[in-house]
Structures are given as C-alpha cells and as structure tokens.
Amino acid sequence: MIHVTIYQDSKKRYIGFEAEGHAGYADAGDDIVCAAASVLMINTVNALEAFTEDRFRADSDETSGQLHVMLQSSPTKEGQLLLKTLVLGLTQMEDDENYAEYIDLTFEEVQLP
C-alpha cells in the first residue's frame, strides 16, 4: 500500500508531503496505481521547480518507494495551487473503490522548517 501524508501549516495551507511504500496492485512495471500516484507526485515536484519561486527540499528512495517534499517557507499562490492539485488527484484515487485498498492518504499539521 502507498501511504501518503500531506503536510499542512496552522493555516491549513499545504506545505509538503511524504509518500512511502508500493501499491501492490500488480507486478512492478504493470502497477497502474503506483504509476498514477508516482506521476502525480513527481509532476508536482517538477512543476514546483519549473513554475514557482517556492524553495523546497525533496528526498527520495526508489527501492522503498519513499518521497519526502517540504517547502522551506510559506507557499506562493502558484505553489499552493500545485499542491492542491496533487491532493485532489490522490484523494480521487483513494476514494475510487477500485484503488482505495492500495493508497492511504492522511493529513498532518506541521510547522515550516
């Protein structure tokens, strides 16, 4: 199962996320749930870098399926929109009866570093 924690600040703004695990929907290379979640998260990281002024730290480990992304300051309007888009996509996956058992989404309030 993919476990995703969405980090929010005290104002409920999205400021980062952490994902770990593999979906287990199918064998490696055929797992559409893992591929979909990965595309959403990697595209968000790439878009934050390409289209915003937000500074962030990203760490990953492909073997364990771990990806940790945290903004270094309050999100810009553009950064917040990109993170909201990520949450929308992951929430829709979690709510889909075909994929719900393969992805778990939680929200946690944290302070910016």
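No value in this document is a laboratory result; all are computed from the given coordinates. All figures in this text were calculated on a predicted structure; none of them were measured in a lab. A quick note on method: Cβ atoms are made from the backbone with ideal geometry, for glycine too, and the neighbour counts reach across all protein chains shown.
A dipole drawn for the chain from +1 and -1 charges on Cβ atoms has a positive end, and of Ala47, Ser74, Gly16 the residue lying farthest that way is Ser74. When the square roots of the Cα gyration tensor eigenvalues are ordered a ≥ b ≥ c, the ratio a/c for region 1-54 is 1.5 or more and a/b does not exceed b/c, which makes its shape oblate. For the chain, the mean projected area of the C-alpha convex hull, equal to one quarter of the hull surface, is 6.6 nm².
At R0 = 41 Å, how high is the FRET efficiency between Lys77 and Ala26 if r is their beta carbon distance? Nearest 0.05 is fine. Given R0 = 41 Å and the Cβ-Cβ separation, E is 0.60.
Residue separation of Asn46 and Met70 scaled by 0.36 nm, minus their Cα-Cα distance, works out to 7.3 nm of gained length. The GNM of the chain, with springs linking C-alpha atoms under 10 angstrom apart, assigns the highest mean-square fluctuation among Ala23, Ala47, Ala37 to Ala47.
Taking every DSSP helix (H) stretch of at least 4 residues in the chain, weighting each as -39,500 (n - 2.57) and dividing the sum by the residue count yields a mean residue ellipticity at 222 nm of -12000 deg cm²/dmol. Think of each Lys and Arg Cβ as +1 and each Asp and Glu Cβ as -1; about the Cα centre, that makes the dipole of region 22-113 roughly 540 debye.
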